[in-house]
Amino acid sequence: MYIENMDAVKSIVERYFTVSDVYIDAGILTFRIYDEDIKEKFRNLYKELKQYDLIPTATKEDGRIVIRIFPKPRVELPIPKSRTLPLLLFIATLGTIAVDGYLRSSTTVYEIITGKTGFIDRFIDGLLFAVALIAIIGIHELGHKISAKIDYMESSPPYFIPGIPTMIPTFGALIFQKSPTINRDDMFDIGVSGPIAGFIVSLAVLFTSFTTARWIPVEQYDYIVSQVVKEGGLLLPSPLVFYLVRPLFGKPDMIPLFSTVGFAAWLGMLITALNLFPAWQLDGGRVFRSFLSRRQHRFAGYISVAILAITGYFFFAILILLMMPRTPDIAPLDQISPLSKGRKIAISLVIAILVLTFVPIRFF
């Protein structure tokens with residue numbers, strides 16, 4: 001490896017750290033430093049070296065912090081680079097969701113639950129479903145995008161994935177990270193930002209669902225359920241947050257029956273919950289890896305697979321299990337600085353959101 005103007009790089013490093021030794025190790029410019037608290041100094045070093053297409057790493061060896069300087073690697077996205085592709089995928093996904101919403105609003109089950117039969121009602125509910133679900137997914141990805149920008153990480157635009165109407169209207173969206181994570185704080189932020197943003201929007205959709213729901217007396221509920229089952233419908237179990245929000249509407253003797261907007265809220269909560277499991281392929285993987293060791297994190301991933309399989313998400317669990325050996329453990333550049341105290345406290349909030357939004361399909 002060759003770095004042009006090593007003297008300039010040495011000068012930059014020495015501006016931030018107290019250097020004890022400078023040497024070339026296997027062709028890599030290496031510094032041993034006396035400093036212990038390096039979090040902000042390292043971030044500033046990264047920002048300055050980035051201008052020269054260089055990146056630093058920080059590890060501890062023989063009780064001393066070692067900083068190495070590498071050329072910035074070239075990142076190739078696993079999909080064709082195109083300015084129009086993200087927009088086309090967004091339009092296609094919006095289309096599959098809108099069609100799905102309309103088809104769900106055109107069923108006999110929908111009429112039984114909502115009491116609505118007109119085309120306008122179906123069209124409006126289908127449109128609200130599309131807007132609500134695309135907002136949940138889109139703002140989830142926007143949360144990641146904003147967090148990446150704040151933490152000086154380059155990322156791609158969101159790539160939405162269209163689904164199959166009446167089955168899975170969308171397979172979500174992806175954002176590809178094009179630069180490394182600086183420290184554990186940034187790893188936590190980039191992981192948690194999407195689920196938190198999506199959860200907030202899902203809460204708004206949930207309140208809209210309760211506002212637009214058809215409220216029926218408890219005595220009528222069993223009859224409605226029997227009619228829905230007779231037509232081949234399926235009543236989905238609700239996450240805990242649904243039960244906690246319901247008393248706010250002051251109708252203790254009434255039960256809400258949701259339109260397609262309620263299904264959008266249900267999907268939003270499920271997306272949030274699944275993303276918070278500590279498997280590396282999911283957002284929760286980054287959140288939990290920010291304070292767990294590599295071995296602990298892998299163990300947490302296997303526990304996640306077991307929980308998902310037991311609670312009814314068998315195929316999703318198998319998919320994660322198959323991908324785990326192929327997903328590399330990507331540590332932050334600064335492997336020394338611990339997760340901040342505030343973020344450690346926020347982990348309890350992450351777990352609380354997971355409990356509030358997770359929807360077990362079944363138990364053994």
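The values are calculated or read from the model by the stated rules, or taken from the named source; none is laboratory data. Since the model is a prediction, treat every value here as computed from it, not as a measurement. Positions of Cβ are generated from backbone atoms using ideal geometry, with glycine treated the same way; all protein chains shown enter the neighbour counts.
What the table below lists for this structure:
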item: Considering residues of the stretch 289-300 that are free of Cβ contacts under 8 Å to residues at least 24 places away in the same chain and within 19 Å of the chain's Cα centre (by Cα) only, the residue surrounded by the most Cβ atoms within 10 Å (Cβ to Cβ); result: Ala300
item: Residue that is within 17 Å of the chain's Cα centre (by Cα) and assigned by TED's automatic domain parsing to the domain that holds Leu282, where the choices are Ala132, Ala148; result: Ala148
item: Phe42 vs. criteria touching a residue at least 24 places away in the same chain (Cβ under 8 Å), in the same structural domain as Ser337 (by TED's automatic domain parsing), closer than 23 Å to Gln177 by Cα and part of a helix (DSSP H, G or I); result: no
item: Given (1) surrounded by 22 or more Cβ atoms within 10 Å (Cβ to Cβ); (2) touching a residue at least 40 places away in the same chain (Cβ under 8 Å), index of the condition Pro278 fails; result: (2)
item: In the stretch 136-171, the residues that are over 22 Å from Leu206 (Cβ atoms), of a type in the set (A, V, I, L, M) and in a helix (DSSP H, G or I); result: Ile146, Ala148, Ile150
item: Residue satisfying condition, being at pLDDT 90 or above and of a type in the set (A, V, I, L, M), within set Ile150, Ile120, Ile137; result: Ile137
item: Any hit, the stretch 47-64, residues being hydrophobic (A, V, I, L, M, F, W, C), outside any strand (DSSP E or B) and touching a Pro at 6+ places or on another chain (Cβ under 7 Å); result: yes
item: Sole exception among (1) in contact (Cβ under 8 Å) with a residue 40 or more places away in the chain; (2) assigned to a helix (DSSP H, G or I); (3) of a type outside the set (Asp, Glu) for Phe207, by number; result: (1)
item: Residue, farthest from the chain's Cα centre (by Cα), within the stretch 236-260, restricted to residues that are touching a residue at least 60 places away in the same chain (Cβ under 8 Å) and within 23 Å of Gly115 (Cα to Cα); result: Leu257
item: Considering residues of the stretch 301-355 that are under 19 Å from Asp189 (Cβ atoms) and of a type in the set (Ser, Thr, Tyr) only, the residue surrounded by the fewest Cβ atoms within 10 Å (Cβ to Cβ); result: Ser348
